[in-house]
Amino acid sequence: EVSDRQLAYVHKIIDLEPIVGADVIEIATVLGWRVIVKKGLYKVGDLVVYVEIDSLLPPWNYFISDRLDKCNFKIKTIKMRGQLSQGYCIPIKELLNHPHKQLKAVYHEEENIDSGVKEIHRVDREETVLKIEIGSNVTEFIGIKKIQDHHGGGGGGNNIFKRIKSNGMSPFPSFLVKSDQPRIQNLPHYMETYEDVEFEVTEKLEGSSITAYHNNGKTGICSRNYELKHTTETAESEIFTTLVGRLDILKRLEEAKINVALQGEIIGPKIQGNIYGLPETQYKVYDIYLIDSNRYATQPERVDIMNTIGLKWDDHGVPFLGVHKIGGKKLSDILDMANGFSQLKGSKPKVLREGIVFKSNTLRHDRVIHFKSISNQYLLKK
Ligand code: ATP
Ligand code: MN
Ligand code: MN
């Protein structure tokens, strides 16, 4: 199935830098991503198809002449000549050569001089038009899939979901949201737009996302994508024994009569390889959604709510790494900050953390500004 994450899109090459000692490659910057490209293939200002890491490209030899891979092509974080490279660039004109399955397509390219928008018409039974402008999503056109990791979904690879799966799940409640943390590389303008904002920085834990909510007397537990039914069988799963049994979260929320959803990461044995080496399952809250106001709580509001329900943020929140302004910093500084070991209490020593998450301490345009910075040290090890 094609990914719902936007993995390939059209953007501008904003910079090209030589690599010392390299004759055939150079470093291009697209948005906040740095990626190795063939030297001389692009000039600054060119539109290009940028393909993000975690992409699985269809057999490549069809439309990139100098690559002969016959199988799917994985886009990962790599290091070449001491240079980090993330993603892959495809010249716009190569889209014209895209075979798009076995269809006998006829392509032509038109340029609308006024708007700078290029349109690629693919003529088969019905004519389809692919608009080529900054931001155009070509993930589906190219047929890119996401390299599967073990989290999210119904919990593939996470044994804590086994017991629940057999018992069925219901749809994710419509009054809640499934949050995604966008990558700072896709939002490089934040570095200026939010230069004065104070951000709470927390560690991004690697487990599985679990939501516990109370809404007008109704309570429930959800995985990333489903509400989990509470039955005699599922009650024995680590999810329920930890959140309901040990922490008693649903009752606490119900008694406080607040319409909120705690969103946290469940970590420990049987979850994502238990990278922290924990002897027992733990639940660490990373966000609180305010159902009546349709927005996430700020850090002070979160601490308040946790106090109200008698679970201290310091003990039950994700590891806190400080308050930081991003003004005056470079994007590369934000990426470097992500490198390092996990600060989770009780973790075995020297576990490389996946990354860090920034959340504004105050509201901007009535919402919390947030983004993630994934550790390149971690990505290279993976
Ligand atoms: P991917 O998009 O690569 O599948 P992902 O599944 O980890 O990554 P993201 O959108 O990258 O999802 O990040 C958000 C998820 O990260 C949350 O759903 C939550 O499960 C997890 N998380 C762990 N620690 C934190 C934290 N400190 N703040 C926010 N989210 C966190
Ligand atoms: Mn995601
Ligand atoms: Mn995750």
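Looking at Phe320, Phe371, Phe358, just one residue is among the aromatic types (Phe, Trp, Tyr) and more than 16 Å from ligand 2 (Cβ to nearest atom), and that residue is Phe320.
When the residues of the stretch 330-355 are narrowed to those that are hydroxyl-bearing (Ser, Thr, Tyr) and surrounded by 16 or more Cβ atoms within 10 Å (Cβ to Cβ), which ends up nearest to ligand 2 (Cβ to nearest atom)? Give the derivation first.
The initial filter retains those residues of the stretch 330-355 that are hydroxyl-bearing (Ser, Thr, Tyr), namely 332, 342, 347.
From what's left, surrounded by 16 or more Cβ atoms within 10 Å (Cβ to Cβ): 342, 347.
On the way: Ser342: 20, Ser347: 23 Å.
By that ranking, first place goes to Ser342.
Among the residues making up the stretch 320-378, those that are part of a loop (DSSP other than H, G, I, E, B) and among the charged types (D, E, K, R) are Lys329, Lys330, Lys345, Lys348, Lys350, Arg353, Glu354, Asp366. Restricting the search to the stretch 309-333, which residues are closer than 26 Å to Gly207 by Cα and touching a residue at least 40 places away in the same chain (Cβ under 8 Å)? Passing the criteria: Ile309, Gly310, Leu311, His316, Gly317, Val318, Pro319, Phe320, Leu321, Gly322, Val323, His324. A search for C-beta distances below 7 Å between a residue of the stretch 243-268 that is within 20 Å of Phe172 (Cβ to Cβ) and within 16 Å of ligand 1 (Cβ to nearest atom) and any residue that is modelled with pLDDT of 95 or more and of a type in the set (Lys, Arg), counting only pairs 6+ apart in sequence or on different chains, returns Gly264/Lys284; Glu265/Lys284.
Restricting to the stretch 211-220, what's the tally of residues that are surrounded by fewer than 23 Cβ atoms within 10 Å (Cβ to Cβ) and in contact with a strand residue (DSSP E or B) (Cβ under 7 Å, 6 or more places away or on another chain)? Before the answer, list the steps.
Step one: of the stretch 211-220, the residues surrounded by fewer than 23 Cβ atoms within 10 Å (Cβ to Cβ) are 215-220.
Checking the rest, the ones that are also in contact with a strand residue (DSSP E or B) (Cβ under 7 Å, 6 or more places away or on another chain) come to 219-220.
The number of residues fulfilling the criteria is 2.
Out of Glu236, Glu227, one residue alone is over 24 Å from Thr298 (Cβ atoms), surrounded by fewer than 20 Cβ atoms within 10 Å (Cβ to Cβ) and more than 25 Å from the chain's Cα centre (by Cα). It is Glu236. You will find that of Tyr289, Tyr283, Tyr276, the residue that is at pLDDT 95 or above, assigned to a strand (DSSP E or B) and more than 30 Å from Leu31 (Cβ to Cβ) is Tyr283 and no other.
The values are calculated or read from the model by the stated rules, or taken from the named source; none is laboratory data. Since the model is a prediction, treat every value here as computed from it, not as a measurement. Glycine also receives a Cβ, built like all others from the backbone with ideal geometry; neighbour counts cover every protein chain displayed.
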